1. Could you state the accessible area per residue of the range 107-242 in Å², with a 1.4 Å probe and every protein chain left in place?
2. Report, please, the projected area of the range 72-202 averaged over directions, based on the convex hull of its C-alpha atoms, in nm².
3. Order Asp315, Asp307, Asp277 by their accessible area, 1.4 angstrom probe, all chains in place, largest first.
4. Given the C-alpha atoms of the range 124-200, compute the convex hull and give its volume per residue in Å³.
5. Antiparallel versus total DSSP beta bridges in the chain: what percent is that, nearest 5?
6. Can you give the calculated 222 nm mean residue ellipticity of the chain, where each DSSP H run of n ≥ 4 adds -39,500 (n - 2.57) and the sum is split over every residue, rounded to the nearest 500 deg cm²/dmol?
7. In the chain, with Lys and Arg counted as +1 and Asp and Glu as -1 at Cβ, which of these residues, Val264, Asn178, Pro311, has the Cα nearest the positive end of the dipole, that is, farthest along it?
8. For the chain, divide the Cα radius of gyration by the Kirkwood radius and give the resulting Rg/Rh value with two decimals.
Amino acid sequence: MKKIIQDYTKEELGEIVKPPFRAKQIYNWVYHKHADSFGQMENLPKAMRAELEEEFTLHPLTMLSRQESRDGSVKYLFELHDGHTVEAVLLLMKEAQYHEDGTLKHHRRYTVCISSQVGCKVGCAFCLTAKGGFMRDLSAGEIVAQVLEIYKDQGIPSNHRVNLVYMGMGEPLDNLENVAKAVKIFSDMDGMSISPNRQTISTSGLSSKIEKLGAMDLGVNLAISLHAVDDELRQQLMPINKAYNIASIMEAVRNFPVNQRKKVLFEYLVIKDVNDDLGAAKKLVKLLNGIKAKVNLIYFNPYPGTDFKRPDPEDMRRFQEYLLSKGVLCTIRESKGLDISAACGQLREQKLQEGGAQ
Ligand code: SF4
């Protein structure tokens, strides 16, 4: 099997293709010019191109399907070399910018939500990915290639400002080594130049790995999928809470090096009559005491076969207003891509049912 070129940092590549400036040229072809073959890399010696072609692949993923939502989100299903499939979602954000005369214009900004594993071991009750079990970790290159393929598909210029969230299939901290490597490859100035402070690692709360990630000091942002404020309920929703309870997560977050102008994001999936009451909001405020935090309230997105329900907008607003009144920054995330089932795992699940993907 050929090696994946996107698995290599520029420094690693420089050890293989001597002299090392060749690695910079290859990065330029892969990440800026979006080369389809090594043969196109005309500033490399012919013999080197042939050797690269022999040993490496530029295409670790094949796009199986793309579904566009009315709000502009696009959900991709990719096939890996061994037939497994993963998803990534492109979210279209609008950023307010101003013309010179002070009038408002909108600028397109993208966020790409990427997968880090095929399946997941964490087993959250509300998650479709969890139902398929765990298959394997993605390599750094398979993580990087998801974004690269989306750039190519959308014609996004390589210098465009894009944010990344490791929030697709899988628990990124359960694949920390490869995720950390992907962070470095993404941020290489000769590659995609996606700075670590535009990359957010979202975890179900593996406290010991949060500490480890903090010690690596990569400069990435941290998001915690909290979803419940007491251990009993959290354990029901996220069995991983037995191993890493809320107190241990909060302790790890307090020790995490947060970029000065940033906050730790707490994701709170709101489920009707489960965790949408004011009592929960009060406990949440207490838990966040002393942490530079921002809370994202997310509408639960019902999928076939679940008993959980979407919360009422009034309850969402009440929850949000309470947090804001206590000085906790809080936004409500509309379920982007609702009409294409953009909650993680759903597109893959459809394909599985059709017998079209593993
Ligand atoms: S929500 Fe995330 S962490 Fe939980 S089972 Fe699904 S993929 Fe894993």
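1. That works out to 32 Å² for each residue.
2. That works out to 9.1 nm².
3. Most to least solvent-accessible, the answer reads Asp307, Asp277, Asp315.
4. Expressed per residue, the convex hull around the Cα atoms of the range 124-200 is 107 Å³.
5. 45 percent
6. Working: 12 runs with 113 residues, N = 358.
Taking each H run of at least 4 residues, the total per residue is -9000 deg cm²/dmol.
7. Working it through, the farthest residue towards the positive pole turns out to be Val264.
8. Result: Rg/Rh = 0.98.
The values are calculated or read from the model by the stated rules, or taken from the named source; none is laboratory data. Note that this is a predicted model, so its numbers are computed, not measured. We place every Cβ from the backbone using ideal geometry, glycine too, and count neighbours over all the protein chains shown. SASA here: full protein model, heavy atoms, side chains in, ligands and nucleic acids out. Shrake-Rupley method; radii C 1.70, N 1.55, O 1.52, S 1.80 Å.
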